[in-house]
Amino acid sequence: MNRGHLASIVKIARSNNKLSREEITLLKKIKADLGISDLAFRSIIRNPDLYPINPPSNYEERIERLYALANMLHVDKESYDLSLKLLEKLAVGIGFPLKTHEEVVKVAVELARSNADLETFTVAIRKANSTKE
């Protein structure tokens, strides 16, 4: 499951076909946080498509995964539009409903830009996800 999560983040980072030093630093931090070995990390970086998205089993994990993905998008300024489209697809892939995923991603990106902490992010995403229910 952790490998699929990291692969999703790598896909966003590589949406412009390259990885910046800043992106690599963030990816290494995420790798360590997820307990992924150096060998697996190199494999994920080379071919993230080999690792499917595994939707989180609960809502809290879904929000935490979106938090990591949105922060990766924030790092990747060069290919913002392409990364945003990928983030919308990934949001659906990790379990956010089609009827709210665009609003959820919009709020997530705004929060990432303002460097919101996970607690603030969680509250805002819960609200955004319930706006159309």
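Values in this text are rule-based calculations from the coordinates and carry no lab data. None of these values were measured; they are calculated from a predicted model. Every residue, glycine as well, gets a Cβ built from its backbone with ideal geometry; the counts of neighbours run over all protein chains shown.
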Query raised in the report: Relative to the first principal axis of the alpha-carbon coordinates of the chain, what is the inclination of helix 101-113, with its axis defined by its Cα atoms, in degrees from 0 to 90 and to the nearest 10?
Result: 70 degrees
Query - Candidate aspartates and glutamates - alpha carbon under 18 Å from K89, same-chain residues fewer than 8 apart omitted - result: D49, E61, E64, D76, D81, E102, E103, E110
Query raised in the report: How would you rank 107-118, 87-98, highest first, on the average number of other Cβ atoms within 10 Å across their residues?
Result: 87-98, 107-118
Query - Cα-based reach from K99 at 13 Å (exclusive), listing aspartates and glutamates while leaving out same-chain residues under 8 positions away - result: E88, E133
Query raised in the report: If you project the alpha carbons of the range 5-80 onto their three principal axes, what span does each projection cover, largest first, in Å?
Result: 32, 28, 20
Report summary line: In degrees rounded to 10, the 0-90 angle between helix 118-129 Cα long axis and the longest Cα principal axis of the chain is 50 degrees
**Report entry** For the range 90-127 and the range 41-74, distance of Cα centres in Å
**Finding:** 14 Å
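Beyond 26 Å, what share of the Cα-Cα pairs of the chain is found? Please give it as a whole percent.
15 percent
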Query raised in the report: Sorted by packing (mean other beta-carbon atoms within 10 Å per residue), highest first, where do 38-48, 60-70 land?
Result: 60-70, 38-48
